[in-house]
Every structure is written in structure tokens, then in C-alpha cells.
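Down below is the structure, laid out as C-alpha cells.
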Amino acid sequence: MLKVENLHASVGEKDILRGINLTVKAGEVHAIMGPNGSGKSTLASVLAGNEKFTVTQGSVEFMGEDLLPMPIEERSRKGLFLGFQYPVEIPGVSMANFMKMAVNEQRKARGEEPLSAAEYLRMMKEKSAIVELDSKLTSRAVNEGFSGGEKKKNEIFQMAMLDPKLAILDETDSGLDIDALRIVATGVTRLHTNENATVVITHYQRLLDYIVPDYVHVLYKGRIIYTGDKTLALRLEKEGYDWLINNYEE
Amino acid sequence: MKSRLLDIMDAQYLPKGDITESGRWFYTATQSRNITIGCGAKVELLIFDSDRFEADCDEECEATIDIRLEGGAELKLVHVITHDSVTLLNIDLRGDAQCRVTEVMLGASTLKVTSSLMGSNAHFDLNGLFVLVGEQRGSVEVDVNHLHAETTSRTLFKGVASGVARGKFSGMILVEPDAQRILAEQTSRNIVLNEAQILTEPQLEIYADDVKCSHGATVGQLDSDAILYMRQRGLSLEDAKRMQVEGFVSDVVMHAAIERLMEPLQGLLSEKFKQL
Ligand SMILES: Nc1ncnc2c1ncn2[C@@H]1O[C@H](COP(=O)(O)OP(=O)(O)O)[C@@H](O)[C@H]1O
Ligand SMILES: [Mg+2]
């Protein structure tokens, strides 16, 4: 589904990604961990197509196509979803209108007719239930005045609405209390199938109790320096990153 | 879309002479008019430039509309300008009179609104927006004169300009020496796209001391993070920009002085925003 080879990216003069290799197949869950400033969000942004970053080397294949020349919206319509570490507030733009447009863009890309108003309402109701998102929130402006937990639930709600092939969730578990974490994590687990794939960027083992990863990668200074199975996350939680980083730097 | 405005307004053409009873009217802004709303009358009024307007004035059209609210009168006014024109709108309020205005200016026009509060407990409230595209030039001036003690006013004007358009907003709150216990607020918020520019000049002239006045003005650009966010969900760059601009002005329309006109106003705006 996703094949990243020797990916280098920079912003201005600064090299942030320095040779990422990552292969994700349908049905898999990958966790990406690593100290702050390692380049995790940058990797997510570059895959999503954020033009702030320049790809200087390497290739990315997504669903059999060259991803890098595609603009952001095209990547989205092809089934790539990014759950933002910091979801953006958009004053005056109602959540319901925004999602309706987004859903219909995805449908158009698949050659499907736009949803009728009734179908859309039914879909919103069904999907917001997955993350127990208060129905009042969908009539409000996008993320405006949402609490931290509501913003993260709202990301997963949007993921449910768009039904992506590949979801990259950037610290969707940060800043959540135990209840919100359970709801968000259960939501993500429910949305996971054999046909799609999930990449979770996280600092915490606790999310991985719900979403059991097939692979855990450690990103450090723009490279994946170590890949293990789910037990790696446990060890990182206990022992931190030092043992890996020290190895790496020697 | 404009005929929709009329359909939904469902009102009679404004008759000549004073309005002494409550009711709902419309009026096409082709000629200057003098409108007096009698004591205690509650009036809803739609003023707009009809499609005949273009034919009427191939040169620049100029109209002066004088409105006078007698004691306790209430006016809810929606004023829509879609053609290039010059409009002077003067609104005088006697004691206890209440006026709520929504201005929607979509032409390369000049608009000057002057409101004079001349009696206790008079209140003037204005929500407005202008949208300029391409090479359009437009300017809006709002002068609120607090000539009497215990009067209040609030103005919010939003401006959007794209292409190489030039827009200007000037605001003035004047408080006369004996006009104590005044509350006045004026806000100008603007977004510019591309090479467009908007100039905003809010001013205060206050000669009394027991006064609460505030004014603020901003000119900003579209939020690139918001655009990125929307595009990540599949919206095209154009749609993402348009949605954000519509969101920016939405509160003006949502709080339209005549609630039933919300939807057709939204429609008019959506049409205009296709040209952004
Ligand atoms: N827009 C930017 N401009 C300059 N430096 C950036 C920018 N975005 C990220 N960086 C830098 O790139 C590095 C990686 O950041 P990031 O990808 O956010 O890390 P992580 O998500 O792993 O905490 C950091 O040193 C950060 O300061
Ligand atoms: Mg990050």
C-alpha cells in the first residue's frame, strides 16, 4: 500500500528527514515512536503533501502510484488521511458543511454521485457515534471552541466519514484523559480492517494496548533507527530511548 | 438570486409619505428617498438595487436615503448593493428608537452610512460586509454620532478583497460634549487575497468623559493552516479558500437584521464568491 524509500526532506536549509524507509501493507498497524523533534510530524506532513517541506531525495509509492507529484487534495481523494497533531480551527465554517464537501469530493474521485441530504445525515449520525462525538459539535464551526479531547475525537470522526485506505494519526492520543483515550483508541480499532492500514505516531504505550501494532519503529534524527514488534513499545516505555540512541550514535 | 430576496421578503413596495404603522416593505435604491418612521412603529425594510437598476443608470448612480426614526420606532433594515453605485444612507434616531442594519455591498461601490443618535436610549446596530474582486474599487464609511446622553451603538464591518481589488473602510465614532453614559463599539475586520489591498481607518472623537468606546481594526490573510487542513480532507484549493472566506463573513449574514433573508443573502454571497 505504501512504500517509502530513502526519503529525504527539508525545510529551508534544514534537513529533517534523512533517509526514511518504510513499507506498509494492507491490514497492518504500524507505530512510530521517537523523542520530540525526531521528525515524526514532518514525515506525516510530507506524506500528506504539505508544501512547506521539500523532498530532496527518495520516492514514495502509494496504492501503486507515485505519490510525490500529487497535490494534497489528490492524495486525500486517493485514500490518504492525516489525523493532525494540532487540528485547526476554522471560524464560521460549519463542521457539517465542511465534511459534506469532503465526503462528496471523495465520492466524485471514485465516480460516485454526491450523497443526498438524508443519506448524509444518516452517515454523520452513524460515524459520530463511533467516537461518541456530541452531535452538537457537528453543527458548530470546525474545531472552534472544541476541547482538546473533542478535537482528537473529531479527527477520528472525520477519518470514519472518509474511510481512508491509509490513516496516519499524529499523536492522536496526546493530551487525552483515560476516557477520551479509550473512546478514540476503540474508534480507531473499529475502523481498522484487512483492506486498510493505520500508522500511529505516539509517545505512549497506553494507546497500543488498544491498537496492537504489527511493527513499532523508532524515528530519531530523521531516520528509522530501529524496528521491532509490540514488545518494543513496552520496553521504550520502561527504559526510554537512551539505549537505542547510544547504540545508534556509536 | 435577487428576485429570491424579494420573494422571501414577501413585502409591499414602500409607499410615499410617513410610515406610521408597523409592517414590512421593500424599496429599490434607484432614487433618493426620505423615509420617516412614526412613533412606536416596527418596520422591516429591504432596500436593494433591482435588476432594472443597471438600465436606469449607465453612468455612476448616486442616491441619498434619509431615514428618520421617531421616538420608540424600530427599524430592521437590510440594504443590498450589487451594482457599482454611490449611496449615502443617513439614519436619525430619536429617543428609544432602535435600528438594526445589515449592509451587503457586492459592487465596486461607495457607501456612506451616517447615524445620529438624538435621544436617550436610542440604539444603532450595524453588521456589514463588502466583497471586491478583480479590479474593483470600493469604499465604505460609517459615521456614528452620539449627540445625546445614554445612547448606544455597535458596528461590525467585514471586508474581503481578491485579485488586485482595492477596498477602504473608514469609521468614526463621535461623542458630543454633553452626551454622557455612552456605549459605542466599532470593529473592522478584513481579509485580503492575492494582490488585493484593504485600508482601514477607525477613528474616535470623544468630547464627553463618561463614555465607554472601543474600536478595533484588522487586515489579515487567509489562514494557510486551515487551507492545508481542508485540502487534506479532499477539498480543492479554490474550495478551501472560498469556504474560509464564506466562514469569515458568515456571522454578518447569520445575524441578518431580517432573519428570513439569511438564506437568500447567503445565496447572493455564494454567487459572488465564485469570482474570488
Ligand atoms: N516548519 C518548520 N520550520 C523549521 N523547522 C521545522 C519545521 N517543522 C519542523 N521543524 C524541525 O524539524 C524537526 C522535526 O520536527 P517534527 O517533525 O515536528 O518532530 P516530532 O514530530 O518528531 O516531534 C524539529 O527540529 C523541528 O524544529
Ligand atoms: Mg510531532
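Remarks
- Test result for A:Ser139, over 19 Å from B:Ala240 (Cβ atoms) and either crowded, with 20+ Cβ neighbours inside 10 Å or among the small types (Gly, Ala, Ser) (or both): yes
- Qualifying residue in region A:189-204 (condition: in a strand (DSSP E or B) and basic (Lys, Arg)): no
Quick grid of which residues meet (1) at pLDDT 95 or above; (2) out of contact with any Asp or Glu (no Cβ under 9 Å at 6 or more places or on another chain); (3) more than 14 Å from every other protein chain (Cβ to nearest Cβ):
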site: B:Gln197; (1), (2), (3): yes, yes, yes
site: B:Ala217; (1), (2), (3): yes, no, yes
site: B:Ile227; (1), (2), (3): yes, yes, no
site: B:Gln244; (1), (2), (3): yes, no, no
site: B:Ile258; (1), (2), (3): yes, no, yes
site: B:Ser270; (1), (2), (3): no, no, no
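- Strands (runs of 3 or more DSSP E) lying entirely in region A:3-112 (those with 1 or more residues that are closer than 21 Å to B:Glu238 by Cα and either away from ligand 1 (no atom under 16 Å from the Cβ) or open to solvent by 10 Å² or more (accessible area, probe 1.4 Å) (or both)): A:80-83, A:90-94
- Unmet requirement for A:Glu171, which otherwise passes all of (1) among the charged types (D, E, K, R); (2) within 16 Å of ligand 1 (Cβ to nearest atom); (3) surrounded by 23 or more Cβ atoms within 10 Å (Cβ to Cβ): (3)
- For region A:126-136, filtered to residues that are more than 28 Å from B:Val249 (Cα to Cα) and open to solvent by 80 Å² or more (accessible area, probe 1.4 Å), the residue that is farthest from the other protein chains (Cβ to nearest Cβ) is A:Glu132.
- Scan of region A:206-222 for residues that are under 30 Å from A:Lys14 (Cα atoms), within 16 Å of the chain's Cα centre (by Cα) and aliphatic (A, V, I, L, M), ordered by number: A:Val216, A:Leu219
- Among residues of region A:93-107 that are facing chain B (nearest Cβ under 8 Å) and closer than 9 Å to A:Gln158 by Cβ, those with a beta-carbon under 7 Å from a residue that is of a type outside the set (A, V, I, L, M) and assigned to a helix (DSSP H, G or I) at least six positions away or on a different chain give the pairs A:Met99/A:Gln158.
- Restricting region B:77-98 to residues that are under 12 Å from B:His123 (Cα atoms) and assigned to a strand (DSSP E or B), the residue that is most open to solvent (accessible area, probe 1.4 Å): B:Gln98
- Restricting A:Leu232, A:Leu236, A:Leu219 to residues that are within 16 Å of ligand 1 (Cβ to nearest atom), in contact with a strand residue (DSSP E or B) (Cβ under 7 Å, 6 or more places away or on another chain) and not in a strand (DSSP E or B) narrows the list to A:Leu236.
- Residue match in region A:16-25 (condition: farther than 19 Å from A:Val216 by Cα, in contact (Cβ under 8 Å) with a residue 60 or more places away in the chain and within 16 Å of ligand 2 (Cβ to nearest atom)): yes
- Of all residues in region A:52-92, exactly one satisfies the criterion of being small (Gly, Ala, Ser), within 11 Å of another protein chain (Cβ to nearest Cβ) and more than 30 Å from B:Ile191 (Cα to Cα), namely A:Gly79.
- Flag for A:Thr189 being within 16 Å of ligand 1 (Cβ to nearest atom), open to solvent by less than 70 Å² (accessible area, probe 1.4 Å) and closer than 20 Å to A:Phe81 by Cβ: no
- Extreme residue, nearest to ligand 2 (Cβ to nearest atom), among residues of region A:33-86 that are more than 24 Å from A:Glu105 (Cβ to Cβ) and either hydrophobic (A, V, I, L, M, F, W, C) or touching a Ser or Thr at 6+ places or on another chain (Cβ under 7 Å) (or both): A:Leu43
- Total residues in region A:142-166 satisfying the condition of being closer than 17 Å to B:Leu228 by Cβ, within 16 Å of ligand 2 (Cβ to nearest atom) and in contact with a strand residue (DSSP E or B) (Cβ under 9 Å, 6 or more places away or on another chain): the figure is 1.
- Selection of first residues in region A:127-145 that are small (Gly, Ala, Ser) and of second residues that are open to solvent by 10 Å² or more (accessible area, probe 1.4 Å) and in a strand (DSSP E or B), restricted to Cβ pairs under 7 Å at least 6 apart or on distinct chains, gives the following pairs, ordered by first then second residue: A:Ser139/A:Ser94; A:Ala141/A:Pro91; A:Ala141/A:Gly92; A:Ala141/A:Ser94.
The values are calculated or read from the model by the stated rules, or taken from the named source; none is laboratory data. Computed from a prediction, not measured in an experiment: that's the story for all the values here. Virtual Cβ from ideal backbone geometry, glycine too; neighbours counted across all protein chains shown. With ligands, DNA and RNA removed, areas are computed over all heavy atoms of the protein, side chains included. Shrake-Rupley method; radii C 1.70, N 1.55, O 1.52, S 1.80 Å.
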